[in-house]
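Working notes, beginning with the structure itself.
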Amino acid sequence: MGGVQLQMVGLNPGAGSSEEVAAAARMVALTAALTRHGHLYHALNAPEISDLEYDALLRELEQLEARWPAHKQPDSPTSRVGAPPIAELVPFPHRVPMLSLGNVFSREDLGDWVEKRDEKGKVRGGLMSALDRPADAPALQFSVEPKLDGLAIELVYEGGLLVGAGTRGDGSVGEDVLHTMRTVRSVPLRLGEGAPPYLSVRGEVLFDLAGFEQMNEQRVIAGEKPFENPRNAAAGTVRQLDPGPASQRPLLFFAHSAGEGLAAPTHSALLAQLRGLGFAVNPRNRVCAGVDEVWAAIEALGAERGSLPYEIDGVVIKVDDMALQDELGFLTRSPRWAVAYKYPAARARTVLERVDFSVGRSGVVTPVAVLAPVRVGGVTVRNATLHNEQQMRNKPEFLGGLRVGDLVEIYRAGDVIPRVDAVVDQPGRADLALVAFPACCPVCETPLDREENPDELDKITWRCPNRLGCRAQREAALQHFAGRLAMDIEGLGEKLVRQLVERGLVEHPSGLYHLSVGTLQDLDRMGQKSAQNIIAAIEASKARPLARALFALGIPLVGESTARDLARHFGGLDALQAADEAALLAVDGVGKDVARSVLHFFADEGHQAEIAALRAAGVAFAPEARAAAPTEGPFVGKTVVLTGTLPTLSRQQATALLEGAGAKVSGSVSKKTNFVLAGADAGSKLEKAQELKVPVIDEAELRRLLGLDPA
Ligand SMILES: [Zn+2]
């Protein structure tokens, strides 16, 4: 292939004028060329044209598509951006379950693991018994791959076109994230030659670290909160309803296996096939023979880890021989032919510049270490938690208390917020100033209350008791209220909240609903348009469903998922406010501590007044549309497995129908399966169902049983 080739495939028949024919042909050629150059750049890291040349081709295609929309190609690179947000994330069932891996943490454990596979490998096929196997038999081969620290994703292609993308979820059913994954540049929209009719590919989506840090800097400049770590940021971006942010963020996708659709004698050959089809496959994957080579590869990757352009948290070791993989089979949730080696948590040393004391929305004062910026496991760390006063003062590793200017050791493991682990003893350290925990609130100067936690002896909390008057608590409560998972008021960031509180414009969340465009416009650097947008966002937040509004109230111990459980159980705010302890304990996932915290919150007169004020301002606390769980019908309590392509329903639609009818949709066929819903090209699941004599129904039968079609 080279340059822009004209292809006549994909031309819309019946194209009219010669101008239109030429335009259509040019659009096909441009789509193919842009796809190829995108692949060279994003998957192979070997661009042939400059960014400027690429952008010029893309602009030309955009203009042609705007003029001749009927000829836009389904895999046009312009379709990666500009799609509208979706309404909600729908379930994404996996035809082949996505498994997790077992872990090993030492060379010894890895050695045992390899040895067991090695034995099995050498006796495979009955050609050789373990006893008379020659000592110099070749060592078993393994595919050794960096364990990318991102979000596991399955991509589905039909006829070579990307048609589905889902998260792992529980392994059987994830969430449909096609709208965001199609914006990731290294995800092919159309596969290269030799694509099977149906292909599911598994891989990991994650951030490019340099891009991640740049993005965080821009967020700070824009007054937004920086993301804590690349892994959560990737998951958060991919699971957003709006594909806009994903299209602008530096996400990478690496393919590491196939669910269905490809056959190869070895895993490494399968990876080569994936690369040939257009996927980015990690260039650091290796094939190693025997435990010594595997270990050497692990150590080499470990040494390189801090300088890789993305985060890894270990190494995945897979038996390369596919026939042996089949023979080894599976444990309940993980394959016997693969294992993950986890690296120890990343550590680094840096200087403690000072300790800040932040006041949370419940008034609890938390010490935060401010550090000279240091790279730990590929990410620049500037702050680290010190948990509480006791830790700060008494942790033995802190050698009698932290001092400003101390050389400290930082620890960071996966999702965990970085921690200061130890102080490095140095001469002259006694002359440095000891960090003292303040006696008064650093914001409102009210003397702090000491609270002992009877359950945790070493946990003493210092709290600012000035709940109504403390600016820090007001700000924190407002920020929480407006947060993305709560009322989701776009544009109401940290800086604006600070101004509103400092100027006494808003004291409590209910005050937000009395703001006007005029008031906002008088604030620093706020234009009329921004002020109007924020007022519109505040107005729109009134309609947020109960679960979000409950989370927004900031009831201690009630996180996002507990708020959802409470909303689902009680259906409305009145029922929840009227609930006693027994009624609260009846909610799935609510224990004694949560129940008491909820009771305590609603018993408080200040909170009652604020809830009344919110309601008076128009906040709906909109009752959940309680999915009236059906109590009778052919699918109530039944387990159903979907396989193949249904004539009219998508898998998501069929799943929603079945779940709405009281069924549980499962990913694999077992004796517990009550029905298999099969469509065209149903594979091994259908065979398994027939083997186990599980009733098989088709879409027509499903519709009949659900009463969707008049019989
Ligand atoms: Zn205070």
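The values are calculated or read from the model by the stated rules, or taken from the named source; none is laboratory data. The structure displayed is predicted, hence computed values, not measured ones. Methodologically, a virtual Cβ is constructed for each residue, glycine included, from the backbone with ideal geometry; neighbour enumeration extends over all protein chains shown. Only protein heavy atoms, including side chains, enter the accessible area calculation; ligands, DNA and RNA are left aside. Shrake-Rupley method; radii C 1.70, N 1.55, O 1.52, S 1.80 Å.
First measure r as the distance between the Cβ atoms of A300 and E119, then evaluate 1/(1 + (r/R0)^6) with R0 = 30 Å and state the FRET efficiency to the nearest 0.05. Could you put the intermediate results ahead of the total?
Details: r = 27 Å, r/R0 = 0.88.
That pair, A300 with E119, gives E of 0.70.
What percent of all Cα-Cα pairs in segment 525-583 falls in each 5 Å bin, counting up from 0?
4, 17, 20, 20, 11, 10, 8, 6, 3, 1, 0
Give me Rg/Rg_expected for the chain, where Rg uses Cα atoms only and Rg_expected = 2.2 N^0.38 Å with N residues. List each step's numbers first, then the result.
On the way: Rg = 29.1 Å, N = 711, 2.2 N^0.38 = 26.7 Å.
So the chain has a normalised radius of gyration of 1.09.
Just subtract the alpha-carbon distance of L432 and E560 from 0.36 nm times their residue separation and send over the number in nm, one decimal.
Once the chain is fully extended between L432 and E560, it gains 41.8 nm.
When the Kirkwood radius is taken over all Cα pairs of segment 325-438, what Stokes-Einstein diffusion coefficient follows at 10 °C and 1.306 mPa s, in µm²/s? Before the final figure, lay out each step's value.
Values: Rh = 16.1 Å.
So the translational diffusion coefficient is about 99 µm²/s.
When a/c is below 1.5 the answer is rounded, else prolate if a/b is larger than b/c, else oblate, so apply that to segment 141-342 with a ≥ b ≥ c taken from the square roots of the Cα gyration tensor eigenvalues. Each step should come with its number before you reach the end.
Details: a/c = 1.95, a/b = 1.29, b/c = 1.51.
Verdict is oblate for segment 141-342.
Two decimals, Cα atoms only, Kirkwood Rh: what is Rg/Rh over segment 596-683?
1.29
Counting only protein heavy atoms and a 1.4 Å probe, tell me what percentage of the chain's accessible area is made up of carbon and sulfur. Intermediate results must be reported in sequence, preceding the final value.
Working: 18000 of 34670 Å².
Ligands and nucleic acids excluded, carbon and sulfur give 52 percent.
Within the chain, which cysteines find no other Cys whose Cβ is under 4.7 angstrom from their own?
Among the cysteines of the chain, those whose Cβ sits 4.7 Å or more from every other are C288, C440.
What three numbers, in Å, describe the spread of the alpha carbons of segment 639-706 along their principal axes, ordered from the longest?
26, 24, 19
Roll a 1.4 Å probe over the protein chains and send me the accessible area per residue for the chain in Å². Each step should come with its number before you reach the end.
On the way: 34670 Å² over 711 residues.
That works out to 49 Å² for each residue.
Label segment 566-646 by shape, choosing from rounded, prolate and oblate, from the square roots a ≥ b ≥ c of the eigenvalues of the Cα gyration tensor; if a/c is under 1.5 it is rounded, and otherwise prolate applies when a/b is larger than b/c, oblate when it is not. Provide the component values of the computation, followed by the final result.
On the way: a/c = 3.21, a/b = 1.96, b/c = 1.64.
Here segment 566-646 falls in the prolate category.
What are the extents of the Cα atoms of segment 422-512 along their three principal axes, in Å, largest first?
If we take the Cα atoms of segment 422-512, the spans are 52, 33, 27 Å.
Over segment 18-80, one equal point on each Cα, no solvent: what is log10 I(q)/I(0) by the Debye formula at q = 0.15 Å⁻¹?
Log10 of I(q)/I(0), two decimals: -0.43.
Would any residue of segment 514-548 have its amide N under 18 Å from a label point 7 Å out along Cα→Cβ of A620? List them or say none.
536-548
Whose amide H sits under 5 Å from the amide H of L252, counting only residues 5 or more places off or on another chain, with H placed in the peptide plane?
Result for L252 returns L206, F207, D208.
Quick one: if the Förster radius is 45 Å, what FRET efficiency do D170 and A210 give, using the C-beta to C-beta distance and rounding to 0.05? Please report the intermediate quantities before stating the final value.
On the way: r = 33 Å, r/R0 = 0.74.
Calculated value: 0.85.
Would you kindly state how much longer the chain becomes between T446 and S670 on full extension, computed as 0.36 nm times their sequence separation minus their alpha carbon distance, in nm to one decimal? Write out the running numbers ahead of the final one.
Working: separation 224, 0.36 × 224 = 80.64 nm, distance 6.31 nm.
Stretched fully, the T446-S670 segment lengthens by 74.3 nm.
Would you please classify the overall shape of segment 471-616 from the alpha carbon gyration tensor, given that a ≥ b ≥ c denote the square roots of the eigenvalues, rounded means a/c under 1.5, and beyond that prolate means a/b larger than b/c while oblate covers the rest? List each step's numbers first, then the result.
Working: a/c = 2.48, a/b = 2.16, b/c = 1.15.
Cα axes put segment 471-616 in the prolate bin.
Over the chain, what is the relative contact order in whole percent, taking alpha-carbon pairs under 8 Å and six or more residues apart? Provide the component values of the computation, followed by the final result.
Details: 1273 pairs, mean separation 67.9, N = 711.
Taking the mean separation of contacting Cα pairs over the length of the chain, I get 10 percent.
For segment 525-592 and segment 168-246, what is the separation of their C-alpha centers, rounded to whole Å?
Taking the Cα centre of segment 168-246 as reference, the centre of segment 525-592 is 28 Å away.
Between the helical axis of 471-482 and the dominant principal axis of the chain, each derived from Cα atoms, what acute angle in degrees is found, rounded to the nearest 10?
Approximately 30 degrees, to the nearest ten.
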